[in-house]
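First up is the structure itself, then whatever we jot down about it.
The values are calculated or read from the model by the stated rules, or taken from the named source; none is laboratory data. In this text, all values refer to a predicted model and were calculated from it rather than measured experimentally. We place every Cβ from the backbone using ideal geometry, glycine too, and count neighbours over all the protein chains shown. Ligands, DNA and RNA are stripped out before the accessible areas are found, and what is left, the full protein with its side chains, is counted by its heavy atoms. Shrake-Rupley method; radii C 1.70, N 1.55, O 1.52, S 1.80 Å.
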Amino acid sequence: MQKLKWINLIVVVIGIFLFGACEYATIQPDAPIPPPPPGDSTSYSLKVQPIFDSKCLLCHSGNQIPDLRSGRSYQSLMDNNMVVKSNSAESVLYKKILPGASMNMYCSSTEISTIKFWIDEGAKNN
Ligand code: HEC
């Protein structure tokens, strides 16, 4: 009887441990950032271009479409239909940086959110 209790306890402890391990594995590295307040749209030049500058230019600086260099990136994204204004779900730029897509490894989740908000707020050249 005493032995059975111990086995029960061990099973419960292992169960808790495994459950905890599963939960831990699904935690995102960055908490998603809340959307900006209404009317306070995400600035392309101040918020989006710096992501390209620091994370994307190694490859997207002319030969690789889209050209993400400062001063050219907005035009390149629009000319190549990579952004559908106000519709991130249909935008190649956004789809390419989502988890599982090929450009995801170059972006943090905060940067993904910034790009999403910018597109959903009308993808302004602001
Ligand atoms: C190490 C090189 C490299 C880096 C860094 C990189 N890319 Fe790319 N990117 C590529 C290559 C190669 C392709 C074409 C193959 C593909 O679509 O996966 C591509 C394709 C793309 C496409 C799709 C183009 C199309 O024709 O469909 C987008 C959008 C894009 N990258 C955005 C980004 C963004 C935004 C960043 C920075 C956060 C970034 N990339 C960083 C190499 C890179």
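Residue-wise test of (1) within 9 Å of the ligand (Cβ to nearest atom); (2) touching a helix residue (DSSP H, G or I) at 6+ places or on another chain (Cβ under 9 Å).
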{"residue": "68", "(1), (2)": "yes, yes"}
{"residue": "76", "(1), (2)": "no, no"}
{"residue": "81", "(1), (2)": "no, yes"}
{"residue": "85", "(1), (2)": "no, yes"}
{"residue": "88", "(1), (2)": "no, yes"}
{"residue": "109", "(1), (2)": "no, no"}
{"residue": "118", "(1), (2)": "no, yes"}
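All conditions but one from (1) in contact (Cβ under 8 Å) with a residue 12 or more places away in the chain; (2) open to solvent by 40 Å² or more (accessible area, probe 1.4 Å); (3) not in a helix (DSSP H, G or I) apply to residue 102; the one that does not is (1). Restricting attention to the stretch 62-84, the residues that are open to solvent by 50 Å² or more (accessible area, probe 1.4 Å) and either assigned to a loop (DSSP other than H, G, I, E, B) or farther than 17 Å from residue 118 by Cβ (or both) total 11. Just wondering, is there one or more residues in the stretch 41-62 that are among the aromatic types (Phe, Trp, Tyr), over 19 Å from residue 121 (Cα atoms) and at pLDDT 95 or above? No, that holds for no residue.
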